[in-house]
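Asker: Before anything else, here's the structure in question.
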Amino acid sequence: MTDIYVYNTETRAKQKFEPIDAKNIRMYVCGVTVYDYAHIGNARPYTVFDLLYRLLRHVYGTEHVTYARNITDIEDKIMQRAADEGVGIKTITSRYTKIFKEDMQSLGSLDPDLEPKATEHLPQMIKMMRDLIEKGHAYVADGHVMFHVPSMENYGRLSRHSRDELVAGARVEVASFKKDPADFVLWKPSTDDQVGWNSPWGRGRPGWHLECSCMVEEHLGTEIDIHAGGQDLIFPHHENEIAQSECTHGKQFVRYWMHNGYLTVDGVKMSKSLGNFYTIRELLEQHGGEAMRLSLLTAHYRQPVDFSHDNAVEQKKRLDRWYRLVDGVAPASEVPSSVINALSDDLNTPKALAALDALATSETAASLKAGAQFMGLLMQSSDEWFKGGLGESIDVDEVEGLIEDRLKARQNKDFSESDRIRDRLAEMGVLLEDGPSGTSWRKAD
RNA sequence: GGCGCGAUGGCGGAGUGGUGACGCAGCGGAUUGCAAAUCCGUGUACACGAGUUCGAUUCUCGUUCGCGCCUCCA
């Protein structure tokens with residue numbers, strides 16, 4: 001069996017992956033908050049950890065791996081958006097959930113086994129808060145339920161932030177009802193015009209961290225193999241998940257914590273708050289799903305990746321070359337070991353892509369296709385790739401008729417006529433390629 | 001201030017204690033009426049300083065520069 005190595009944020013080291021139960025491997029990736037179109041930075045974790053999912057399924061068997069990716073469908077930004085549009089939050093969340101799922105599919109990610117929604121886990125959250133209060137880890141204050149950070153001995157071990165450092169470096173004003181400045185919210189009260197649920201502590205809504213702890217427990221159990229997400233979630237989100245789950249259950253919550261680096265634009269982190277973002281939608285329209293997927297995979301997942309249109313165009317050219325080679329070729333039955341080995345080494349996608357390039361010869365095209373498809377690439381036929389998509393209405397019959405005319409002109413050595421036809425096709429967005437076996441065409445970029 | 005990441009050729013980006021991946025771009029050639037595509041060939045790099053070593057881009061320390069997190073954030 002192939003050994004998989006992953007970098008564990010908690011130990012800050014690359015470790016051999018040893019499943020809790022090889023017949024029941026569980027991974028959880030923090031999903032999106034559905035209040036707007038997702039940006040391409042959001043897509044990075046779901047793309048790289050999709051590869052981890054594929055790898056685990058390959059090594060341990062499809063039926064032995066469960067991947068959950070939640071939908072955060074209650075959050076203040078959602079409420080704000082709903083209020084702005086004068087609609088209920090469900091209208092907002094179902095709209096953007098649908099868009100998000102479509103985007104992920106366009107980027108070539110497999111659907112997770114489970115996509116739990118926060119709002120469907122209120123009873124579990126109330127139960128966890130009860131447990132935490134009973135065990136002395138949480139308290140009620142001013143309509144809030146707060147987690148009491150000093151009640152947990154090794155709080156901060158994931159981010160390596162001590163409670164004292166946190167308090168000293170805090171940029172946010174400390175609410176007066178907190179017993180300790182580091183305490184965080186499990187439940188907050190809602191006013192009458194805000195969305196809320198009844199609870200033993202009054203009508204309110206859950207804090208973000210609580211949701212994930214409860215969804216993990218509900219669907220995957222109290223101890224799971226892998227929990228992943230963006231680096232910005234290490235603190236406070238994942239730190240607080242550990243606090244909630246471990247103080248509730250008294251056992252190690254997660255074996256391996258994995259975090260991807262940021263996607264940047266012009267070297268700066270892409271984020272909604274900075275406004276320097278591209279939505280997945282707009283980039284899919286410009287570059288297509290596979291080029292965007294490949295673009296996201298060109299850097300190792302823990303490194304920052306700087307998004308640029310030039311890179312997307314470059315990756316499209318790489319795909320063009322591969323698609324030419326695999327035209328009409330059936331994928332090999334085995335995924336090339338060079339690809340599996342590269343991915344098994346902490347998801348080394350640049351190395352895996354180099355392995356594909358090494359297979360990009362006419363002799364090894366079947367292996368290239370198998371390896372690429374394993375990574376969610378080369379999923380179309382070459383004809384679809386070169387001629388389809390883009391929605392530009394290209395009339396195939398007209399194109400082929402003009403190619404015939406041009407061929408006749410060329411046979412008559414009437415090159416000014418043949419070039420005129422080629423120019424006309426170019427205006428239609430069609431590029432010609434004269435090969436030994438005749439003339440083929442593809443849509444222009 | 002605390003915690004952490006990085007610095008490789010024109011660009012992107014692996015990797016290694018000792019003959020410099022890979023992609024895109026460039027250049028030369030083949031092919032072509034021309035172009036495109038394809039094929040062959042080809043140049044350029046390891047931030048700086050010190051240390052360890054027979055030998056360091058690779059290990060150690062320091063410096064400089066860049067980036068992120070420190071309760072919105074994938």
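The values are calculated or read from the model by the stated rules, or taken from the named source; none is laboratory data. Not measured: the values here are computed from a predicted model. All Cβ positions, glycine included, derive from the backbone under ideal geometry; neighbour counts span all protein chains shown. Quick note on the areas: whole protein, heavy atoms, side chains included, nothing else; ligands and nucleic acids left out. Shrake-Rupley method; radii C 1.70, N 1.55, O 1.52, S 1.80 Å.
Asker: Listed residues A:ILE4, A:ILE25; which is over 27 Å from A:ALA291 (Cβ atoms), away from RNA strand B (no atom under 16 Å from the Cβ), under 22 Å from the mean Cα position of the chain (by Cα) and not charged (D, E, K, R)?
Answerer: Details: A:ILE4 fails: away from RNA strand B (no atom under 16 Å from the Cβ).
One residue alone meets the criteria, A:ILE25.
Asker: Further question: Output the residue which, of all residues in the range A:424-443 that are open to solvent by 90 Å² or more (accessible area, probe 1.4 Å) and part of a helix (DSSP H, G or I), is nearest to A:GLU384 (Cα to Cα). Lay out the reasoning, then the answer.
Answerer: If we filter the range A:424-443 for residues that are open to solvent by 90 Å² or more (accessible area, probe 1.4 Å), which is where we start, we get A:424, A:427, A:436-437.
If we keep only those that are part of a helix (DSSP H, G or I) too, we end up with A:424, A:427.
On the way: A:ARG424: 22, A:GLU427: 21 Å.
That would be A:GLU427.
Asker: Go through the residues of the range A:202-216 one by one and say whether even a single one is open to solvent by less than 30 Å² (accessible area, probe 1.4 Å), polar (S, T, N, Q) and in the same structural domain as A:GLN124 (by TED's automatic domain parsing).
Answerer: Checked against the condition, which is being open to solvent by less than 30 Å² (accessible area, probe 1.4 Å), polar (S, T, N, Q) and in the same structural domain as A:GLN124 (by TED's automatic domain parsing), the range A:202-216 yields at least one hit.
Asker: A further question follows. A:GLN303 passes all but one of (1) within 7 Å of RNA strand B (Cβ to nearest atom); (2) not in a loop (DSSP other than H, G, I, E, B); which number fails?
Answerer: (2)
Asker: OK, next. Give the residue, chosen from A:GLY31, A:GLY41, that is within 9 Å of RNA strand B (Cβ to nearest atom), in a helix (DSSP H, G or I) and among the small types (Gly, Ala, Ser).
Answerer: Values: A:GLY31 fails: in a helix (DSSP H, G or I).
One residue alone meets the criteria, A:GLY41.
Asker: Separate question: If you go through the range A:391-423, how many residues are closer than 27 Å to A:ARG321 by Cα, part of a helix (DSSP H, G or I) and open to solvent by 70 Å² or more (accessible area, probe 1.4 Å)?
Answerer: Number satisfying all stated conditions: 7.
Asker: Kindly list the number of the only condition in (1) surrounded by fewer than 18 Cβ atoms within 10 Å (Cβ to Cβ); (2) touching a residue at least 24 places away in the same chain (Cβ under 8 Å); (3) not aromatic (Phe, Trp, Tyr) that fails for A:LEU55.
Answerer: So the condition that A:LEU55 fails would be (1).
Asker: Given the condition touching a residue at least 40 places away in the same chain (Cβ under 8 Å) and loosely packed, with under 14 Cβ neighbours inside 10 Å, answer yes or no: does some residue in the range A:23-43 qualify? Don't jump to the end; show me each part of the working.
Answerer: Kept after step one, since they are touching a residue at least 40 places away in the same chain (Cβ under 8 Å), are these residues of the range A:23-43: A:23-43.
Narrowing the set further to residues that are loosely packed, with under 14 Cβ neighbours inside 10 Å leaves A:23.
Yes, the range A:23-43 has at least one match.
Quick grid of which residues meet (1) of a type in the set (Phe, Trp, Tyr); (2) open to solvent by 60 Å² or more (accessible area, probe 1.4 Å); (3) free of Cβ contacts under 8 Å to residues at least 60 places away in the same chain:
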position	(1), (2), (3)
A:PHE49	yes, no, no
A:VAL65	no, no, yes
A:THR72	no, no, no
A:ASP76	no, yes, yes
A:GLU85	no, yes, yes
A:TYR96	yes, no, no
A:LEU107	no, no, no
A:ASP142	no, yes, yes
A:MET146	no, no, yes
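Asker: Which one is farthest from A:LEU356 (Cα to Cα) among residues in the range A:326-346 that are buried (at least 18 other Cβ atoms within 10 Å of the Cβ) and within 9 Å of RNA strand B (Cβ to nearest atom)? So that I can check it myself, show each step before the final result.
Answerer: Filtering the range A:326-346 down to residues buried (at least 18 other Cβ atoms within 10 Å of the Cβ) leaves A:326, A:331, A:335-336, A:339-340, A:342-344, A:346.
Add one more test, that the residue is within 9 Å of RNA strand B (Cβ to nearest atom), and what stays is A:342, A:346.
Numbers: A:ALA342: 11, A:ASP346: 17 Å.
In this case the residue turns out to be A:ASP346.
Asker: Hey, does the range A:395-404 have a residue that's farther than 30 Å from A:SER109 by Cα, within 12 Å of RNA strand B (Cβ to nearest atom) and free of Cβ contacts under 8 Å to residues at least 60 places away in the same chain? Walk me through how you get there before you give the answer.
Answerer: Applying the first criterion (farther than 30 Å from A:SER109 by Cα) to the range A:395-404 yields A:395-404.
Retained after the next criterion (residues that are within 12 Å of RNA strand B (Cβ to nearest atom)): A:403.
Going one step further and asking which of them are free of Cβ contacts under 8 Å to residues at least 60 places away in the same chain, we end up with A:403.
Yes: the range A:395-404 contains one or more residues that are farther than 30 Å from A:SER109 by Cα, within 12 Å of RNA strand B (Cβ to nearest atom) and free of Cβ contacts under 8 Å to residues at least 60 places away in the same chain.
Asker: Looking at this structure, is A:TRP257 among the hydrophobic types (A, V, I, L, M, F, W, C), crowded, with 18+ Cβ neighbours inside 10 Å and within 23 Å of A:ASP142 (Cβ to Cβ)? I'd like the intermediate steps shown before the answer.
Answerer: Numbers: among the hydrophobic types (A, V, I, L, M, F, W, C): yes; crowded, with 18+ Cβ neighbours inside 10 Å: yes; within 23 Å of A:ASP142 (Cβ to Cβ): no.
Considered against the rule, which asks whether it is among the hydrophobic types (A, V, I, L, M, F, W, C), crowded, with 18+ Cβ neighbours inside 10 Å and within 23 Å of A:ASP142 (Cβ to Cβ), A:TRP257 comes out as no.
So that you can scan it fast, the table gives a plain yes or no per residue for (1) part of a loop (DSSP other than H, G, I, E, B); (2) charged (D, E, K, R):
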| residue | (1), (2) |
| --- | --- |
| A:MET1 | yes, no |
| A:VAL6 | no, no |
| A:LYS14 | no, yes |
| A:ARG26 | no, yes |
| A:TYR37 | yes, no |
| A:VAL48 | no, no |
| A:LEU55 | no, no |
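Asker: Pull up the range A:267-300, narrow it to residues that are over 19 Å from A:GLN231 (Cβ atoms) and in a loop (DSSP other than H, G, I, E, B), then point me to the one that is farthest from RNA strand B (Cβ to nearest atom).
Answerer: Once the filter is applied, the top-ranked residue is A:GLY288.
Asker: Filter the range A:222-236 for residues that are within 23 Å of A:ALA22 (Cβ to Cβ) and either open to solvent by 20 Å² or more (accessible area, probe 1.4 Å) or acidic (Asp, Glu) (or both) and give the result.
Answerer: Residues of the range A:222-236 that are within 23 Å of A:ALA22 (Cβ to Cβ), as a first pass: A:222-228.
Result: A:THR222, A:GLU223, A:ASP225.
Asker: Determine if the range A:350-361 includes at least one residue that is touching a residue at least 24 places away in the same chain (Cβ under 8 Å), more than 20 Å from the chain's Cα centre (by Cα), more than 10 Å from RNA strand B (Cβ to nearest atom) and over 21 Å from A:LEU296 (Cβ atoms).
Answerer: So far as the range A:350-361 goes, no, none of its residues is touching a residue at least 24 places away in the same chain (Cβ under 8 Å), more than 20 Å from the chain's Cα centre (by Cα), more than 10 Å from RNA strand B (Cβ to nearest atom) and over 21 Å from A:LEU296 (Cβ atoms).
Asker: Open to solvent by less than 20 Å² (accessible area, probe 1.4 Å), in a helix (DSSP H, G or I) and within 12 Å of RNA strand B (Cβ to nearest atom), is that true of A:ALA370? Give the steps one after another, and end with the answer.
Answerer: Details: open to solvent by less than 20 Å² (accessible area, probe 1.4 Å): yes; in a helix (DSSP H, G or I): yes; within 12 Å of RNA strand B (Cβ to nearest atom): no.
Answer is no for this residue.
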